[in-house]
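Peer 1: After the structure tokens below, expect a handful of questions from me.
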Amino acid sequence: MNGQKILLISRHDYRTGWRAGRHFLADAFRDLGASVQFFSVGFSALSMLSNDHRKDLFGAANAWQNVNGIDCYLWRSPVHPFGKGLGTYEGLTNALFRWWINSSCKALDEAARDADLIVVESGISAALIGRIRRAAPNSKIIYFVADLLETIGAHAFIAKQLYRDREAIDSIVVVARAMASHFQDFGCPVHFVPHGVSKADFDGISASPYETASNVATVGSMLFDASFFAVAADAFPEIHFHLIGTPGVEGTFNNVTEYGRMPFRDTLPYLKYANAGVAPYKDRADSSYLADSSLKLMQYEYLKLPAICPAFAVGDKINRHGYEPDDPDSIIAAITTALSSPFTDEASDVLDWKDVASRLLCLDQTQPLINS
């Protein structure tokens, strides 16, 4: 694939300390020999009033910068639409979406036109697919569904615009099989390609950071249910709970440490040497697909770490210990079971991100879950 030009379009920016699947995917495409551009959208001066993790890049916006061999661009528009609905003001945000989709961004149009493959992630980026197709009539466009729009509470306009623009999509890729049925009316092939882990990063993890004997860790903010830790910390004073890159937990607990965001590799010792890992997801519409798609649960599996998660995210994994959200007795039982059950080795189906990138490049050679 040397010489292929690949454009990734995301609300995330490659240059932040926040690492998600699309960052690892960009690295994988680069390592396979592609020329990779990472284009970040949904950013304006309004973002400075929010907790947007791209704030520090405000002055670097609207210019290309090469970082780690990845060409990065943050599109800072005069204003941008909000990702979620605003009740009685939804009509106003609908109009803002329509304006934003067609607003001037020469860098986006040129990058799309020159790309061989364009990977558009779910979220606000999905609203741009029609515009991208108009700019790039000959490029292959993949809609990469890391999360269902309704599960993350995305503005209703995005799903409606995505469906209107469905003929612009060459292939849809879902990271969980349970997602596929949501796209059966789109008229294009739907493929299952799970997330991966960056296996090289897990080699040579440094020494344990822990000073206590019993430690439980979690990392990441998606659908974060802080109430889990209020129950857990009170019920297990002998366990130290380590929260990395999560929203805040109300209350003061001597056995809870909140670290904020940290570089991805720095998180790995906290996971490797923990007694268990937690994926404290809130229960939202169709969130059962997280049994396949949860990146943190994949990382726990790869590190042979017992996992604690809501029952809807357990799937068929014997090393996951499920609980019912908002049920303290269930939470306590899951923690107890996880800490008393050694990890059971089984054949792991966790992919490396290079495997994921290779599958995306060869979709035409694989059998889709849904045919066009």
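Peer 1: Please return the ranges of strands (runs of 3 or more DSSP E) entirely within segment 89-193 where 1 or more residues are under 22 Å from PRO368 (Cβ atoms), in contact with a strand residue (DSSP E or B) (Cβ under 9 Å, 6 or more places away or on another chain) and of a type in the set (D, E, K, R).
Peer 2: Of the strands (runs of 3 or more DSSP E) lying wholly inside segment 89-193, those with at least 1 residues that are under 22 Å from PRO368 (Cβ atoms), in contact with a strand residue (DSSP E or B) (Cβ under 9 Å, 6 or more places away or on another chain) and of a type in the set (D, E, K, R) span 117-121, 140-145.
Peer 1: Also, quick follow-up: Out of the residues in segment 219-250 meeting the condition of being among the small types (Gly, Ala, Ser) and in contact (Cβ under 8 Å) with a residue 60 or more places away in the chain, tell me which one is surrounded by the fewest Cβ atoms within 10 Å (Cβ to Cβ).
Peer 2: Filtering first and then ranking leaves ALA235.
Peer 1: Confirm whether PHE264 is touching a Lys or Arg at 6+ places or on another chain (Cβ under 7 Å), surrounded by fewer than 17 Cβ atoms within 10 Å (Cβ to Cβ) and either of a type in the set (Phe, Trp, Tyr) or closer than 24 Å to ASP201 by Cβ (or both).
Peer 2: no
Peer 1: Looking at segment 200-218 only, could you name the residues that are open to solvent by 30 Å² or more (accessible area, probe 1.4 Å) and within 20 Å of the chain's Cα centre (by Cα)?
Peer 2: ALA200
Peer 1: Just checking, which of LEU86, LEU108, LEU8, LEU49 is at pLDDT below 95, closer than 26 Å to LEU148 by Cβ and not polar (S, T, N, Q)?
Peer 2: Being at pLDDT below 95, closer than 26 Å to LEU148 by Cβ and not polar (S, T, N, Q) holds for just one of LEU86, LEU108, LEU8, LEU49, which is LEU86.
Peer 1: Could you check how many residues of segment 207-232 are closer than 24 Å to SER287 by Cβ and either in contact with a Leu (Cβ under 8 Å, 6 or more places away or on another chain) or of a type outside the set (S, T, N, Q) (or both)?
Peer 2: Within segment 207-232, residues that are closer than 24 Å to SER287 by Cβ and either in contact with a Leu (Cβ under 8 Å, 6 or more places away or on another chain) or of a type outside the set (S, T, N, Q) (or both) number 15.
Peer 1: Next question, about the same structure. Looking only at strands (runs of 3 or more DSSP E) that fall completely inside segment 13-87, which ones have 3 or more residues that are touching a helix residue (DSSP H, G or I) at 6+ places or on another chain (Cβ under 9 Å) and open to solvent by less than 50 Å² (accessible area, probe 1.4 Å)?
Peer 2: The strands (runs of 3 or more DSSP E) meeting that bar are 35-43, 70-76.
Peer 1: Does at least one position in segment 277-288 carry a residue that is in a helix (DSSP H, G or I), in contact with a helix residue (DSSP H, G or I) (Cβ under 8 Å, 6 or more places away or on another chain), open to solvent by 60 Å² or more (accessible area, probe 1.4 Å) and in contact (Cβ under 8 Å) with a residue 60 or more places away in the chain?
Peer 2: Yes: one or more hits.
Peer 1: Please name all residue pairs, on different chains or six or more residues apart, with Cβ atoms under 9 Å, provided the first residue is in segment 326-345 and is touching a residue at least 60 places away in the same chain (Cβ under 8 Å) and open to solvent by 70 Å² or more (accessible area, probe 1.4 Å) and the second residue is small (Gly, Ala, Ser) and in a helix (DSSP H, G or I).
Peer 2: Listed pairs, sorted by first residue: ASP326/SER227.
The values are calculated or read from the model by the stated rules, or taken from the named source; none is laboratory data. Treat the numbers as computed from the prediction; the structure is a model and nothing was measured. Quick reminder, even Gly has a Cβ in these numbers, built from the backbone with ideal geometry, and neighbours come from all protein chains shown. The protein model used for the area step is the full one, side chains on, heavy atoms only, and it has no ligands, DNA or RNA in it. Shrake-Rupley method; radii C 1.70, N 1.55, O 1.52, S 1.80 Å.
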